[in-house]
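For reference, the structure discussed in these notes is given below.
The values are calculated or read from the model by the stated rules, or taken from the named source; none is laboratory data. Just so you know, these numbers come straight off a predicted model, no measurement behind them. Here the Cβ positions follow ideal geometry from the backbone for every residue, glycine too, while neighbour counts run over all protein chains shown.
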Amino acid sequence: MSDSKSSNKKKSAEIINPGLGDIEKVRDILFGKYVSSFEERFALLEKRLEADVESLKERLNSKIESFDDAVNQSLKRLDDQLEQEKVNRDSELRSLQNAMSEAQTALQHAINVMEDQANQDLASVRASIEESHQELLDQTLSVQATLVGEIEAQKQELSGDKVSRQALALMLDEVAVKLRTS
């Protein structure tokens with residue numbers, strides 16, 4: 001590369017100014033050894049840099065690929081975990097819905113049993129109240145008949161004895177008191 005450049009320079013220098021070629025020759029004689037040494041060193045450095053850059057590119061690409069693989073694996077694991085969590089939550093939701101349905105059925109059954117029991121108890125209480133009511137009516141009629149009988153007997157005694165009005169008032173008070181207490 002450097003030889004073609006220097007030969008190009010020599011040719012162009014000779015065309016423009018034929019005396020310049022001599023200066024180039026003098027320079028090559030004085031500094032030629034150092035210039036060629038520098039050019040060789042620069043060429044080696046350039047090759048080394050290109051190799052290092054290429055190596056860095058390869059390492060970087062390798063690292064990026066491994067990082068991509070790790071990220072993809074992590075994402076896949078997270079997706080799998082999310083899917084499993086979704087399946088678990090769906091299963092738990094169905095289980096809760098079934099439990100709620102069973103509880104609702106059991107509650108409805110318990111309510112029906114309690115309603116039946118309450119209806120039976122109410123029927124029993126009604127029968128008892130009707131029985132007590134009938135007994136009370138019978139007692140009332142019996143007491144009333146007894147009182148009517150006593151009043152009739154006392155009336156006849158009064159008619160026969162001609163009791164005073166004051167005695168009659170006392171007797172009616174007693175009857176009223178007996179009626180109130182029974």
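Pairs meeting the criteria (first residue in the range 165-182 and in contact (Cβ under 8 Å) with a residue 40 or more places away in the chain, second residue surrounded by fewer than 12 Cβ atoms within 10 Å (Cβ to Cβ), beta carbons under 7 Å, at least 6 apart or on different chains) are lacking. Which residues, counting only those in the range 27-77, are among the β-branched types (Val, Ile, Thr) and loosely packed, with under 10 Cβ neighbours inside 10 Å? Matches in the range 27-77: ILE29 only. Given the structure, is LYS9 at negative phi, at pLDDT below 90 and touching a helix residue (DSSP H, G or I) at 6+ places or on another chain (Cβ under 9 Å)? In short, yes.
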